1. If N is the number of residues in the chain, what value comes out of its Cα radius of gyration divided by 2.2 N^0.38 Å?
2. Computed over the Cα atoms of the stretch 120-246, what is the convex hull's projected area averaged over all directions, in nm²?
3. Please list, or write none, the aspartates and glutamates whose alpha carbon is within less than 18 Å of the alpha carbon of LYS45, excluding same-chain residues fewer than 8 places away.
4. What do you get for GluC sites (Glu not before Pro) in the stretch 101-185 restricted to DSSP loop and a cutoff of at most 11 other Cβ within 10 Å of the site's Cβ?
5. Among 34-44, 185-195, how do they line up from the highest to the lowest mean number of other beta-carbon atoms within 10 Å?
6. Of all beta bridges DSSP finds with both residues in the chain, what is the antiparallel percent, to the nearest 5?
7. Of the trypsin sites (Lys or Arg not before Pro) in the stretch 44-125, which ones lie in a loop per DSSP and count no more than 16 other C-beta atoms within 10 Å?
Amino acid sequence: MSGSHALEVEQLRVHYGGIAAVNGVSLYVELGEMIAILGPNGAGKTTLLRTISGALQPSQGKVRVNGRDATKKRPDQILRMGCAHVLEGRHMFGGLSVEDNLRLGATIRDDRAGVEEDVERLFDHFPILREKREQHAMFLSGGQQQLLAICRALMARPDILMLDEPSLGLAPVMIEHVANAISWAHEELGAAVVIVEQHTAMALALATRAYVIVRGAIVLDAPSEELREGDRLQQIYLGAGAAAMA
């Protein structure tokens, strides 16, 4: 794997008891690239992201962030290395305001002027968050909370942004807003993006390349265009479902 990669995962294994939830996964994300990680429920996608970001510890393998060894580092250390993780379910601080939630995303930074500039830039780009800046996050809609979760992660100025199921539970109109926010983070801010998503059409429209995981292992690495046009993805999902019922 070359030094131009923002993120590298090499032969990663994660066990729950005696069960391998992630089984020898290797992947890479180039600087400024957006990839999708797809697969059926229970395939190990969330476990993979949580291991990369330090919430879980691998039993084997390596993780590198910006060329530096991030294996078994704490989440705060990995964030400082440049990798931010937007968890499934958004995990807002509901009793705090929208603005305070944003500022919490910048706790690793000490450039106060830059933090203020970033808050205003995000409010400019997402006027609904400016409108609700003093409102408690618990009172936002699900889509607004997801936008806030993405923006909170961006306040750390990450080189790599990982998102776990950002469209989960959202109405179609809000899925479009969230997709636009991800595109903006990628194109305007230059972040490499890793998106785990059950909404495969959205993920493949955003990403240039996709990994497909089944039972903890990568079974396919292909350009998104190839997966959009063919039926390989459907065949993999159907095969995984049949195997699970066998």
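1. Values: Rg = 17.7 Å, N = 246, 2.2 N^0.38 = 17.8 Å.
Expressed relative to 2.2 N^0.38 Å, the Cα Rg reads 1.00.
2. Details: hull surface 36.8 nm².
Averaged projected hull area, Cα only: 9.2 nm².
3. Candidates past the 8-residue exclusion: GLU8, GLU10, GLU88, ASP164, GLU165, GLU197, ASP221.
4. Details: sites: GLU116, GLU117, GLU120, GLU131, GLU134, GLU176; in loops: GLU134.
For GluC sites (Glu not before Pro) across the stretch 101-185 that sit outside H, G, I, E and B with at most 11 neighbouring Cβ atoms in 10 Å, the list reads GLU134.
5. Numbers: 34-44: 21.7, 185-195: 19.9.
Ranking, from highest mean packing down: 34-44, 185-195.
6. Values: 23 of 40 bridges.
Taking every DSSP beta bridge within the chain, about 60 percent pair in antiparallel fashion.
7. Taking the stretch 44-125 and a limit of 16 other Cβ atoms within 10 Å, the loop trypsin sites (Lys or Arg not before Pro) found are LYS72, ARG109.
A short reminder: the numbers here are calculations on the coordinates, not readings from a lab. Since this is a predicted model, take the numbers as computed values, not measurements. Reconstructed Cβ throughout: ideal geometry from the backbone, glycine too, with neighbour counts over all protein chains shown.
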